[in-house]
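Working notes, beginning with the structure itself.
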Amino acid sequence: MIGILVFPDFQLLDAAGPISAFEIAARSIGKAPAIRVLAARPGLVRSSSGVEMMARDFKAANAITTLVVAGGAGVSDAARCEVTRAFVQRVAKRGMRVASVCSGAFVLAEAGLLDGRRATTHWRRTRDFVARYPKVKFEPDQIFTRDGNVWTSAGITAGIDLALAMITEDHGEEVAQATARQLVLYHRRSGGQSQFSSLLELKTPNGRFGALLSWARENLDAPLTVEDLADRAGMSARHFARAFAAETGTTPSKAIERLRLEVARERVQSSREAIERVAETTGFRDPERMRRAFIRAFGQPPQALRRAARAG
């Protein structure tokens, strides 16, 4: 049985995403879904969107084998709630699988479950989380992490990826794939994939250079020099470089390398395409050049990331 822990001002999709995944997986193997929504104060619990969920009290959790803690705007109060912390600790001591979605990691951290463990959360919460919980082995650039029986995931939709990984563990890859198809997901993301988008990290991703960068992302096999980009933008190279840096917060060459790294990493982790081919088609040309770029950016070469993605 799956328990979903919510609290006032929780993020609706943090709860509803995993609930839907677990429901579909159960129905695909011919079983009725066994899911309970739980809260320190039972009854209707209002999400940050205003939509409410009906929750039971923690006494209804005796039969659960997995607890998933939602995140959301109200997570700080939930993390300070002694009743909630004590409940999470009891579940973990029973040896049950405990997980968090998005900022729900703050609840697990306050309960002491993440000390000495690998964990992640929504990228916007990184600085605050690291400052509050220095004992956690924080991994900011992950879709989800697993350390023993404790799982954490990045922001919102990453909770679905976490649920699918649990479904794989419980019921096998075939059921997980069927669930992903029913959810109309493009593909299942492994825990090691980046939760960031290079375009979204820019100061103004939708500014006057947004269309140019989107075009560049679709043409990474081209040289994409400053002169090439300036010509496409209809500007001199010098004026383009200054204007680009002022608007995006980075140089054209660094932006292009980030795009190349993002696309190359996705293809390395989600396909069996030869590393040499990935390097060629993403503009690195030389596999060794791509390897050095991966080590600078991710701390690991492409082959190591591919092995980790397959293992995860």
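The values are calculated or read from the model by the stated rules, or taken from the named source; none is laboratory data. Every value quoted in this text rests on a predicted model; they were computed, and no experiment measured them. Ideal geometry is used to build each Cβ from the backbone, glycine not excepted, and the neighbour counts take in all protein chains shown. Note: areas computed on protein heavy atoms with side chains; ligands, DNA, RNA excluded. Shrake-Rupley method; radii C 1.70, N 1.55, O 1.52, S 1.80 Å.
Things to note:
- Derived scalar couplings ³J(HN,Hα) [the stretch 178-183; Karplus, 6.51 cos²θ - 1.76 cosθ + 1.60; whole Hz; x for Gly, Pro]: 5, 5, 4, 5, 4, 7
- Given charges at Cβ of Lys, Arg, Asp, Glu: the stretch 28-126 dipole, positive-most of Thr66, Ala109, Ser47: Thr66
- Each other residue within a Cβ distance under 12 Å of Asp147 adds +1 if Lys or Arg and -1 if Asp or Glu, for a net charge of +3.
- Prolate/oblate/rounded call for the stretch 45-191, Cα gyration tensor, a/c under 1.5 rounded: rounded
- The stretch 1-129 shape via C-alpha gyration tensor axes, a/c threshold 1.5: rounded
- Whichever aspartates and glutamates have a C-alpha closer than 17 Å to that of Lys254, once near sequence neighbours (fewer than 8 apart) are set aside: Glu201, Glu218, Asp221, Glu227, Asp228, Glu262
- Candidates Phe106, Phe129, Phe240: whichever shows maximal mean-square fluctuation once the chain is modelled as a Gaussian network with Cα springs under 10 Å: Phe240
- Taking the protein heavy atoms of the stretch 217-312 in the context of the full set of protein chains, the accessible area attributed to carbon and sulfur is 47 percent at 1.4 Å.
- The helix-only estimate of mean residue ellipticity at 222 nm for the chain, built from DSSP H runs of length n ≥ 4 each weighted as -39500 (n - 2.57), is -14500 deg cm²/dmol after division by the residue total.
- Gained length - Asp221 relative to Ala274, 0.36 nm times residue gap less alpha-carbon distance: 17.5 nm
- Cut-off under 5 Å, modelled amide H: who pairs with Val68 long-range: Gly3, Ile4, Leu5, Ala99
- Basic side chains Lys and Arg get +1 at the Cβ, acidic Asp and Glu get -1 at the Cβ, and with that the dipole of the chain about its Cα centre reaches some 640 debye.
- Here's the list of aspartates and glutamates a cross-link from Lys137 could span, going by alpha-carbon distance under 18 Å and ignoring same-chain residues fewer than 8 apart: Glu110, Asp115, Asp128, Asp147.
- Under Karplus coefficients 6.51, -1.76 and 1.60, residue-wise ³J(HN,Hα) of the stretch 68-78 in Hz, glycine/proline x: 10, 9, 6, x, x, 4, x, 5, 4, 5, 5
- Working from Cα pairs under 8 Å separated by at least six residues, relative contact order for the chain is 13 percent.
- Between Ile167, Ile295, Ile256, the residue with the greatest mean-square fluctuation in the GNM of the chain (Cα pairs under 10 Å linked by springs) is Ile295.
- Treating r as the C-beta distance of Lys254 and Thr126 and R0 as 25 Å, the FRET efficiency rounds to 0.75.
- Among Trp215, Trp151, Trp123, residue whose mean-square fluctuation peaks in a GNM of the chain (springs only between Cα atoms under 10 Å): Trp215
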